[in-house]
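Here is the structure we will look at.
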Amino acid sequence: MKIEDKLFLDRYRVSEESHLKIADPGICMKKCGEQPCLYFCPANVYRLEEGRISVHYEGCLECGSCRIACPLLNIDWTFPRGGFGICHKFG
Ligand code: SF4
Ligand code: SF4
C-alpha cells in the first residue's frame, strides 16, 4: 500500500484555528537556507507558495517532527484543541 493510500484512510475533524504557527515567517525566507520543513513533514503540511511558507494544518498527522526538526525552532507546535485533529481509527 502506498503512503498516499494510507493517508487517504485517515479522517480529520478540522478546527477553524491552526494549531501550527510559524513564529517569524520572515526568517524562513532570509535565514533558513534549504527550508527542510518542505521535505520532512510526512503530510506535506508546509509548502512554498507565492514566495512564502504556507501551513496546511488541516492534514497534520500530529507526529511532532516539526517541533524539533525546524533548524531555527521557528514552528510553534501544539496539539489541536480538544476534539479536533486526526483520527487514526480507519488507517
Ligand atoms: Fe521556516 Fe523552519 Fe521551515 Fe525553515 S524549516 S522554512 S525556519 S518553518
Ligand atoms: Fe507535519 Fe508532523 Fe509537523 Fe504535523 S506534526 S505538520 S505531520 S511534521
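May I ask for the net charge around HIS19, where only other residues with Cβ less than 10 Å from the Cβ of HIS19 are counted and Lys, Arg are +1 while Asp, Glu are -1? Every neighbour counted, the sum reads -1. The lysine pair count for the chain, using Cα distances under 28 Å and pairs eight or more places apart or on different chains, is 6. Relative contact order for the chain: what is it in percent, counting Cα pairs under 8 Å that are at least 6 residues apart? Computed over the chain, the figure is 44 percent. Distance between the 7 Å Cα→Cβ label points at TRP77 and GLN35: 2.0 nm. Only DSSP H runs of four or more residues enter the estimate; each adds -39500 (n - 2.57), and after division by the residues of the chain the mean residue ellipticity at 222 nm equals -5000 deg cm²/dmol.
The simple spin-label model puts a point 7 Å past each Cα toward its Cβ; for LYS6 and ALA23 those points are separated by 3.1 nm. Couplings 3J(HN,Hα) of the range 42-50, computed from phi: x, 10, 6, 5, 9, 9, 8, 9, 6 Hz, in residue order, whole Hz [Karplus 6.51 cos²θ - 1.76 cosθ + 1.60, θ = phi - 60°; x for Gly and Pro].
Taken together, the values in this text are just the output of simple stated rules run on the coordinates, not laboratory data. Please read these numbers as outputs of a predicted model, since none were measured by experiment. Cβ: placed from backbone, ideal geometry, glycine included. Neighbour counts: every protein chain shown.
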